[in-house]
Amino acid sequence: MAGADAGDGDAGAVGPGGRGGPREGAPGKGVLRTGGVSVRVDRRALLVCALLLVAALAVAVVLIGTGDYRIAPPDVLRTLTGHGDAGQDFVVRQLRLPRAVVGLLVGAALGMAGAAFQTVARNPLGSPDVVGFGQGSAVGALIVIVLFKGPSYEVSVGAVVGGLLTGLAVYLLAWKRGVHGYRLVLVGIGASAVLAAVNSYLLVRADFVDAARAVVWITGSLDGREWGQVWPLLGVCAVLMPVLLLQGPALRITEMGDDAASALGVRVERTRLVTVLAAVLLTAAATAAAGPISFVALTAPQLARRLTRSPGVGLLPAALMGAALLVAADWAAQRAFGSGQVPVGVSTGVLGGGYLLWLLVTERRAGRI
């Protein structure tokens with residue numbers, strides 16, 4: 001029976017088995033069998049995923065209650081279950097819940113996309129914001145803002161198109177009898193530099209109003225998010241996240257090397273193409289909803305991997321870590337910078353800088369740099 005490691009958030013493989021609960025295997029591992037389906041599970045990874053889910057939802061409840069009109073967490077929960085008064089119901093359901101839901105979805109999308117790219121590139125720097133996809137989405141959005149004076153929904157469309165074209169260009173430029181991880185990262189860093197220059201040029205050309213609008217957008221913000229931004233992003237996540245999770249077992253095998261993966265029956269290039277396409281679409285959709293929020297896709301997979309103690313990057317733990325990080329960063333953006341609020345992109349930038357500093361100190365103490 002071939003199983004799937006729940007630490008990667010992968011779906012289980014079908015195999016013969018009877019009814020029953022988890023069975024003992026390797027230390028920390030177990031096999032869950034029910035009916036004709038058997039799934040190999042990592043108990044620590046499952047526990048980490050459960051804790052991250054609870055943490056993300058708990059922070060989201062606190063976030064919903066934060067603002068000029070403060071609502072205690074028990075009252076937020078009471079309102080969400082339909083037992084609040086009219087004022088609380090309007091504030092929670094119409095004003096703040098969409099922002100929290102968008103934050104959770106954007107964080108989960110960026111976390112899973114970052115884990116997918118880092119696995120394909122076999123490099124912790126292979127996240128979408130490092131290899132230029134965020135900059136590509138920003139170029140698409142700025143073209144709509146500066147050159148066409150488009151409304152918000154056209155800006156979102158421009159961000160998706162820009163992210164897709166950037167992903168396609170980076171993939172084709174990195175192709176040479178296959179896509180090698182280091183080549184993908186190097187091409188992506190070069191593309192990111194070029195696209196950052198294009199963004200600067202567009203900002204210079206913009207008038208004052210468009211420049212102010214563009215700067216707020218490219219910083220990354222959840223302010224003013226409505227249900228109109230929730231449903232398209234939810235639909236994209238509902239389709240693409242299962243696609244990536246189904247690629248998890250094959251991705252895990254490709255970490256052993258292309259030759260070994262091919263010998264084990266994995267169609268390496270097809271797996272990479274599907275993974276990269278799904279991850280690019282997730283990144284573009286997240287960017288269209290909230291702007292190019294930095295560092296979440298970079299840090300979430302690595303933090304989740306350290307918590308699960310998994311040898312590879314897990315897709316589901318990374319998604320849950322991304323969701324928890326982004327809603328926590330949004331809460332910090334509202335409460336930790338004095339009386340004024342800042343865009344959530346500023347808060348994630350501060351957290352990401354701290355993470356990189358911690359990573360450098362840790363690696364130096366370990367003698368790896």
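The values are calculated or read from the model by the stated rules, or taken from the named source; none is laboratory data. Bear in mind that the values here come from a model prediction, so they are computed numbers and not experimental data. All Cβ positions, glycine included, derive from the backbone under ideal geometry; neighbour counts span all protein chains shown. We work out accessible area using only protein heavy atoms, side chains counted, and drop any ligands, DNA or RNA first. Shrake-Rupley method; radii C 1.70, N 1.55, O 1.52, S 1.80 Å.
Working from label points 7 Å from Cα in the Cα-to-Cβ sense, the Arg270 to Arg177 distance is 2.2 nm. When the chain is treated as a GNM with alpha-carbon contacts under 10 Å, the residue of Ala138, Ala50, Ala260 showing the greatest mean-square fluctuation is Ala260.
When you filter the trypsin sites (Lys or Arg not before Pro) in segment 208-293 for DSSP loop state and at most 15 other Cβ atoms inside 10 Å of their Cβ, you are left with Arg267.
With +1 on each Lys and Arg Cβ and -1 on each Asp and Glu Cβ, and nothing else charged, work out how big the dipole of the chain is about its Cα centre, in Debye to the nearest 20.
It comes to approximately 960 debye.
How many percent of Cα pairs in the chain exceed 34 Å? Tail of P(r) above 34 Å: 29 percent of Cα pairs.
What percent do you get for the relative contact order of the chain when only Cα pairs under 8 Å and 6+ apart count? Working shown, then result.
Working: 677 pairs, mean separation 94.8, N = 369.
Rounded, it is 26 percent for the chain.
Annotation for segment 137-207: chymotrypsin sites (Phe, Trp or Tyr not before Pro) lying in DSSP loop with at most 12 further Cβ atoms inside 10 Å of their Cβ are Phe148.
Helices of the chain meeting both criteria, an alpha-carbon length of 15 angstrom or more along the long axis and an average Kyte-Doolittle score not below -0.5, with helices taken as full DSSP H segments, are 43-64, 97-121, 152-174, 181-205, 208-219, 227-254, 268-290, 296-308, 315-335, 344-365. With the charge dipole of segment 166-299 set up from +1 on Lys and Arg Cβ and -1 on Asp and Glu Cβ about the Cα centre, the Cα lying farthest toward the positive end among the listed residues Leu281, Leu168, Gly257 is that of Gly257. Taking only protein heavy atoms and a 1.4 Å probe, the accessible area of segment 140-276 is 70% carbon and sulfur. Rank Pro128, Pro151, Pro343 by mean-square fluctuation in a GNM of the chain with C-alpha springs under 10 angstrom and give only the top-ranked residue. Looking only at Pro128, Pro151, Pro343, the biggest GNM fluctuation is shown by Pro151. Projecting the Cα positions of Leu202, Leu63, Gln88 onto the charge dipole of the chain (unit charges on Cβ atoms of Lys, Arg, Asp and Glu, taken about the Cα centre) puts Leu63 furthest along the positive direction.
Relative to the Cα centre, the charge distribution of segment 75-183, modelled as +1 at Lys and Arg Cβ and -1 at Asp and Glu Cβ, gives a dipole magnitude of about 480 debye. Ranking Ala115, Leu104, Val313 by how far each Cα lies toward the positive end of the dipole of the chain (charges on Cβ) leaves Val313 at the top.
Percent relative contact order of segment 90-233, based on C-alpha pairs within less than 8 angstrom and at least six residues apart? Could you put the intermediate results ahead of the total?
On the way: 157 pairs, mean separation 48.7, N = 144.
Result for segment 90-233 is 34 percent.
When only DSSP loop residues count, what trypsin sites (Lys or Arg not before Pro) in segment 112-203 have their Cβ near at most 10 other Cβ atoms within 10 Å? Filter output for segment 112-203: Lys176, Arg177.
The dipole here belongs to segment 29-140: it is taken about the Cα centre, uses +1 on the Cβ of Lys and Arg and -1 on the Cβ of Asp and Glu, and is about 580 debye.
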